[in-house]
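Trainee: Got a structure for you, written out below as structure tokens; questions coming shortly.
The values are calculated or read from the model by the stated rules, or taken from the named source; none is laboratory data. None of the values given here were measured: they were computed from a predicted structure. All Cβ positions, glycine included, derive from the backbone under ideal geometry; neighbour counts span all protein chains shown. Accessible surface areas use protein heavy atoms only, side chains included; no ligands, DNA or RNA. Shrake-Rupley method; radii C 1.70, N 1.55, O 1.52, S 1.80 Å.
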Amino acid sequence: LKMSWFWLYLPLHLLTATCLCYSIKAPTTSSQQSFKTDLFNFYHSLMLADGKETTIHLLKDIPKRYYFVLEEGRALAPFSITVTPCDVPIEWSILVYKSPPAKATPGDHDTQEVSKSQKASSMVSTIFNYKGNSVETYMGMSSHSALYLLEFLSTERDTHITVYLTTDTTSGHLYPELPMDPRIDVVGVGHTTVTLTWKHSPSALQHRESIQYCLLVNEKHNYKSLCAAETAIRSSGMKLPPTLALSLSPYLLEPQQVMILSNSELSIINKVSSGEVRQVCMGTKNTYTVPNLSPGTQYYFDVFIVNLLTNASAAYTGTFARTLEEPEPKVTELKDGKVVHVVLDGKKQKFYSLQYQARHKKIHFTFQLCRGQIQVHITRNGKTVASENLSGLRYFSLKGKLLDTYLVQLRATEESNSSVKVQASPHFHKPLFPLLPESFKIKSFSKLRTCRSVTIAWLGTQEESKYCVYRKRIEEDQIWRELQSADRCSGPESRHKSEKVLCKYFYDLNLQRAVTTETIKGLEAGTLYLFDVYLFGPSGIPVRYHSKVVKTRKKC
């Protein structure tokens, strides 16, 4: 029977029939050997590697087949096949093709008269089939006169799987071993934490240096394999390397950040469109408290035992837990014209609530961001009227009814501490802050720099106001810290007297000409200076311009 490559595209039942016909025509021992050798060569391009994990990509509704044959001289030997779906459920099965017996038993005339169809049916059989998205392992005994076919099919969408075949079951396993009870126990639940524990893997106890536990936390569902988790994260828009090897790193900066090492490439997972996803590895510790969770939120927890040498992993049975609801926050009353200074802890991510009952129809809210980043949310009688991230100074003028109740909620949007000043007052109340310029930038003139002086300029307003200039000598390594840690609400009272340069009054009814310059003298050559300008209005509360760093010329 002549073989050709176009047979690769034949449906399974036709391919089976072809193989069976070939088997029936070859009843002799030499034909048996030829049968096996020819099939081995014919399907060599689709042979499944022994002892290696193979990634297989499946197209929707198109089956994919792989074959394997045992080595000569092994009459019976154990083998195992592990299939890991990386996304949707798949169907897969194992079929075995056996060559016909060497010869019939002498005198057994009835056996020799068995029909060809009966003989053909004894040549092929399905020994295993499965449908689902769980990691499944088949273990069996193989014969040197048999050829095995594995067929995989995805009916939902394009996907990929991993397949591991081994005929060496005595020298250890590719995958780490799970304990007899692979469940994860939730032993503690708080408003922002969940404590988990699980039984040790025998692999972790034997190979502590190359084995570690990794925890996946997400708000969607549990994952049955690390491969499935990686696929879900990638499909959400995150750019991830193709193969994950998880590593606990001393350079992990924040608890909710995850470092993933793959082919010497380091990635960090923070948030994806479906919610927050965290991956934390903790060595061989089997108890972990997950921090910084959101109150009243359901989370799903999966623990994977990972072999760092092979990248192979095994999944514990996932669990879930809902954090406790946040207790009702304390509400601070706002009074007409009174300024409240609020400091927010960024790590706790809690709302700070302020309440104000209107005694006039028009209400004016003023916010001065002092430090960090803050989100403000204002409701009137339970309905949202304003919500945004604050930047510098912000006014909200709102019109309602007498005795309306306003609730102002403030929350830090970064992990460092943030602070803001808040005032609520009737619309006609004396303004808290002076008339503000179009920009708070301070400009320096490079051409006017000398070894002993620097010239700066800033914008003013149409209202006569007081401006005070301060300077401070700094070093190169202090620039970032000085600019980032500056309290924009603090006034000159926080500065040393020696840093004061001058104070002046000015204004211009024409905003195009409302600009002033000042030459600061008595400086040292080749030195960095930090310059600040403070604007004072009728209320006496200062507004600070953005700090400016200028370096004097080294040679003149």
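Trainee: Figure the gain on full extension for Glu499 and Glu156 (residue separation times 0.36 nm, minus the Cα-Cα span) and round it to one decimal in nm. Display every interim value, and only then the final one.
Mentor: Details: separation 343, 0.36 × 343 = 123.48 nm, distance 7.07 nm.
Result for the pair: 116.4 nm of gain on full extension.
Trainee: Using the Cα gyration tensor of the range 442-551, with a ≥ b ≥ c the square roots of its eigenvalues, what is the shape: rounded (a/c below 1.5), prolate (a/b larger than b/c) or oblate (neither)?
Mentor: Working: a/c = 1.96, a/b = 1.31, b/c = 1.50.
Oblate shape, in that a/c is at least 1.5 and b/c is the bigger or equal ratio.
Trainee: Determine the per residue accessible area of the range 331-425 with all protein chains present and a 1.4 angstrom probe, expressed in square angstrom. Walk me through the numbers on the way to the answer.
Mentor: Working: 4800 Å² over 95 residues.
Per-residue accessible area for the range 331-425 comes out at 51 Å².
Trainee: Sticking with this one: Give the span of the range 298-370's Cα atoms along each principal axis, as three whole-Å numbers ordered largest to smallest.
Mentor: The Cα atoms of the range 298-370 stretch 69, 26, 18 Å along their principal axes.
Trainee: Give a residue-ordered list of calculated ³J(HN,Hα) values for the range 537-543 (Karplus: 6.51 cos²θ - 1.76 cosθ + 1.60, θ = phi - 60°; whole Hz; x for Gly, Pro).
Mentor: Ordered by residue, 3J(HN,Hα) equals x, x, 6, x, 7, x, 10 Hz.
Trainee: What are the ³J(HN,Hα) couplings of the range 456-471, residue after residue, when phi is run through the Karplus curve with 6.51, -1.76, 1.60 and θ = phi - 60°? Round to Hz, x for glycine and proline.
Mentor: 10, 9, 8, 7, x, 9, 7, 10, 5, 9, 9, 10, 10, 10, 10, 10
Trainee: Roughly how many Å² is the accessible area per residue of the range 442-551, as a whole number, for a 1.4 Å probe?
Mentor: Details: 6030 Å² over 110 residues.
Averaged over the residues of the range 442-551, the accessible area is 55 Å².
Trainee: On average, how much area does the Cα convex hull of the range 396-470 cover when viewed from any direction, in nm²? Please list the in-between numbers first.
Mentor: Values: hull surface 37.6 nm².
Taking a quarter of the hull surface, the average projection is 9.4 nm².
Trainee: Under unit Cβ charges (Lys, Arg +1; Asp, Glu -1), what dipole magnitude, rounded to 20 debye, does the range 442-551 have relative to its Cα centre? Mind dumping the intermediate values first?
Mentor: Values: 19 positive and 13 negative charges, 66 e Å.
Using Cβ point charges on Lys, Arg, Asp and Glu, the range 442-551 gives about 320 debye.
Trainee: Hey, any idea what % of the range 331-425's accessible area is carbon plus sulfur with a 1.4 Å probe? Spell out each step's value before the answer.
Mentor: Details: 2210 of 4800 Å².
Exposed carbon and sulfur together represent 46 percent of the surface.
Trainee: Still on this model: Under a straight-distance cross-link criterion of Cα-Cα below 19 Å, which aspartates and glutamates are reachable from Lys60, leaving out those fewer than 8 residues away in the same chain?
Mentor: Asp87, Glu91, Glu151, Glu156, Asp158
Trainee: For the pairs Lys441/Lys551; Lys335/Lys361; Lys338/Lys401, note any where the Cα-Cα span goes beyond 19 Å. Walk me through the numbers on the way to the answer.
Mentor: On the way: Lys441/Lys551 17 Å; Lys335/Lys361 15 Å; Lys338/Lys401 21 Å.
Checking Cα-Cα distances, Lys338/Lys401 exceed 19 Å.
Trainee: Let's test this: bin the Cα-Cα distances of the range 331-425 at 5 Å from zero up to the farthest pair and state each bin's percent.
Mentor: Going from the shortest bin to the longest, the percentages are 3, 14, 27, 26, 17, 8, 3, 1.
Trainee: Among His546, Ala486, Cys503, whose Cα sits farthest toward the positive end of the charge dipole of the range 442-551 (+1 at Cβ of Lys/Arg, -1 at Cβ of Asp/Glu, about the Cα centre)?
Mentor: After comparing all options, I get Cys503.
Trainee: Please report, as a whole percent, how much of the solvent-accessible surface of the range 429-510 comes from carbon and sulfur atoms (probe radius 1.4 Å). Let's see the in-between values first.
Mentor: Working: 2600 of 5120 Å².
Ligands and nucleic acids excluded, carbon and sulfur reach 51 percent.
Trainee: Further question: Packing-wise, with mean Cβ within 10 Å as the measure, how do 387-397, 507-517 rank, highest first?
Mentor: Details: 387-397: 13.6, 507-517: 11.9.
Listed from highest to lowest mean packing, they are 387-397, 507-517.
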